[in-house]
Amino acid sequence: MRKTCDSIEAWVRPNIRRLKPYSSARNEFSGVASVWLDANESPFNTPYNRYPDPLQSALKQRLAGQRGVAPEQIFLGVGSDEAIDLLYRIFCQPGKHNAVSIAPTYGMYRVCAEINDVAYREVTLNADFSLPVEAILQAADADSRLLFLCSPNNPTGNAFPAADIERLINGFDGIVVVDEAYIDFSSQPSWLGRLCEFPNLVVLQTFSKAWGSAGVRLGMAFALPLIIGYFNKVKYPYNIGEPVQRYALAMLDRADEVRRWVADTLAVRSRFVEQLAALPSVRQVYPSDANFVLVRVDEAELLYDRLVAEGIVVRNRSTVTLCGNCLRITIGTADEMNVLLEAMRRYL
């Protein structure tokens, strides 16, 4: 079904369409005012005495050039989680609409649904962690507003084929969210290059993973300007602080260094997977397009507890759909992975 801007407007909650957002002089007089006496700020402790740019214009301009999109196609949030929550608040009427996703996947899609009183419909992946495209489409109905696809997926690590995702974007009568938190580690191209083809597509990315900035809490959403306009309408006025904006601008100057970090991570991942697969009680190491691997072992609970006793924390995913006896292991430094392997050899 062909999606249009009129379709998107129709999916937005009526109260959000009518909403008059908070008005800020930082928006109204940016670039023309030199004396700011409107916001009851202190005149001391420059530059942190002033409220930050509510639309992060300088940072978006830099990001736009780096990512090949327009500044008007970018939303910046407190991690990707803010964008996820805003999508529910923009498109889903509590107690009426629903969201569709896959299982297993990133847990905040469900948490945000429950916070917003939105029904959450899970469709289990195929046994090989591939997308059950037809089952996903069949799970949707006239009240389905959001479809979340994490690719590369967490915790499985695999990136989904573009053809499958495209079928879902075209077939789902609502907003399709492709969460690319781990895209920098993947051989698959980002969906940013095709953003203008699909009016109902939202792409999420983050500074938390490849950019080594999880502590800063800065996420990105990319979409048509119409959708980004609603993000900006609903978000809190000054959601991204001045120190974070300055930090992110500085990080963008380190793009070559970040690429080296990614290359190092992929090299360590490759060596680690080879050594991990040789351990006698490891049943399967799943292919990964991310900075982690999912591994199935004989007794995951026991191994997890023993590793914790040695001060080594991985993620036990044994209770997650399709992940019985599985641990998710983040790729750290070569030394860290060697410490983990030595500990695992003592118990496997």
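The values are calculated or read from the model by the stated rules, or taken from the named source; none is laboratory data. A quick note: this is a predicted structure, and the numbers were derived from the prediction, not measured. Virtual Cβ from ideal backbone geometry, glycine too; neighbours counted across all protein chains shown.
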Legend entry - Flag for Gly107 being at pLDDT 95 or above, under 20 Å from the mean Cα position of the chain (by Cα) and either surrounded by 22 or more Cβ atoms within 10 Å (Cβ to Cβ) or within 22 Å of Phe148 (Cα to Cα) (or both): yes
Inset, instruction - Check whether at least one residue in the range 81-98 is under 19 Å from Arg317 (Cβ atoms), crowded, with 17+ Cβ neighbours inside 10 Å and at pLDDT 95 or above, and report yes or no. - result: no
Legend entry - Residue satisfying condition, being among the charged types (D, E, K, R) and more than 19 Å from the chain's Cα centre (by Cα), within set Asp53, Asp85: Asp53
Inset, instruction - Six or more apart or on different chains, Cβ under 8 Å: which pairs go from a residue in the range 127-155 that's under 25 Å from Lys209 (Cβ atoms) to one that's of a type in the set (Lys, Arg) and surrounded by fewer than 18 Cβ atoms within 10 Å (Cβ to Cβ)? Could you list them? - result: Pro155/Arg315
Inset, instruction - Check the range 63-72 and report whether any residue there is under 26 Å from Asn200 (Cβ atoms), touching a Leu at 6+ places or on another chain (Cβ under 9 Å), among the polar types (S, T, N, Q) and at pLDDT 95 or above. - result: yes
Inset, instruction - Please state which of the following conditions Trp261 fails to meet, knowing it meets all the rest: (1) closer than 30 Å to Gly324 by Cα; (2) not assigned by TED's automatic domain parsing to the domain that holds Asp179. - result: (1)
Inset, instruction - Sort through Gln61, Gln56 and tell me the only one that's in the same structural domain as Arg194 (by TED's automatic domain parsing), touching a residue at least 24 places away in the same chain (Cβ under 8 Å) and under 19 Å from Leu249 (Cβ atoms). - result: Gln56
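Could you check, for the range 32-47, whether at least one of its residues is in contact with a Phe, Trp or Tyr (Cβ under 7 Å, 6 or more places away or on another chain) and either surrounded by 14 or more Cβ atoms within 10 Å (Cβ to Cβ) or in a helix (DSSP H, G or I) (or both)?
First, the residues of the range 32-47 that are in contact with a Phe, Trp or Tyr (Cβ under 7 Å, 6 or more places away or on another chain): 39, 41.
So of that shortlist, the ones also either surrounded by 14 or more Cβ atoms within 10 Å (Cβ to Cβ) or in a helix (DSSP H, G or I) (or both) come out as none.
No, there is no match, as no residue in the range 32-47 is in contact with a Phe, Trp or Tyr (Cβ under 7 Å, 6 or more places away or on another chain) and either surrounded by 14 or more Cβ atoms within 10 Å (Cβ to Cβ) or in a helix (DSSP H, G or I) (or both).
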Legend entry - Complete set of residues in the range 121-151 that are surrounded by fewer than 16 Cβ atoms within 10 Å (Cβ to Cβ) and under 21 Å from Ser187 (Cα atoms): Asp128, Ser130
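Being touching a helix residue (DSSP H, G or I) at 6+ places or on another chain (Cβ under 8 Å) and under 30 Å from Arg145 (Cα atoms): is that true of Tyr247 here? So that I can check it myself, show each step before the final result.
Details: touching a helix residue (DSSP H, G or I) at 6+ places or on another chain (Cβ under 8 Å): yes; under 30 Å from Arg145 (Cα atoms): no.
Considered against the rule, which asks whether it is touching a helix residue (DSSP H, G or I) at 6+ places or on another chain (Cβ under 8 Å) and under 30 Å from Arg145 (Cα atoms), Tyr247 comes out as no.
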